[in-house]
Amino acid sequence: MKKLFLYLLRKYSKTENGRLEILKELDDGVYYNYNEQTSFGNVYNYFIEFMMSNPFVYSRVVKKDTESLEILKKGINTAFDESIEIIKGDLKYRTNKK
């Protein structure tokens, strides 16, 4: 079963839309695991799980590479702002499309 799951995961994660769909499913999993949390808490927990599962982040921590981790931290803050702007643009597109 695990092999089938990994095969399908690899197959459907080749595009941005596929990855976004997978991430939405993972987010739902966090919601069900931590459903006593607020939505803010769920986003927080989801982000922690993402960071813990990322091989690059893990390797930087193991190597005690604080410089790279600081660069990553700043990039994450920038990416947060950029993603909000992308969502705002998507909302405008969806609203104008109707």
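In this Cβ point-charge picture (+1 for Lys and Arg, -1 for Asp and Glu), the range 1-53 has a dipole of about 460 debye about its Cα centre. Sparse packing (at most 11 other Cβ atoms within 10 Å of the Cβ) combined with a DSSP loop state is found for the following GluC sites (Glu not before Pro) in the range 8-98: GLU36.
Going from the residue with the fewest nearby Cβ atoms within 10 Å to the one with the most, ARG19, ARG10 rank ARG10, ARG19. With a threshold of 27 Å on the Cα-Cα distance, the over-threshold entries among LYS24/LYS92; LYS24/LYS64; LYS3/LYS64 are LYS24/LYS64; LYS3/LYS64. Just to be sure I follow: if Rg is taken over the C-alpha atoms of the range 1-53 and Rh is the Kirkwood radius over the same atoms, what is Rg/Rh? With Rh from the inverse mean 1/r over Cα pairs, Rg/Rh is 1.04. Once semi-axes √(5λ) of the Cα gyration tensor in Å is calculated for the structure shown, the corresponding label among (i) 25, 14, 9; (ii) 68, 16, 6; (iii) 25, 21, 17 turns out to be (iii).
When Rg and the Kirkwood Rh are both derived from Cα coordinates, the Rg/Rh ratio for the range 52-98 amounts to 1.28.
The numbers here are math on the coordinates, done by the rules we state, and not lab data. Quick caveat: nothing in here was measured; it's all calculated off a predicted structure. Please note: Cβ atoms are built from the backbone with ideal geometry, for glycine as well, and neighbour counts cover all protein chains shown.
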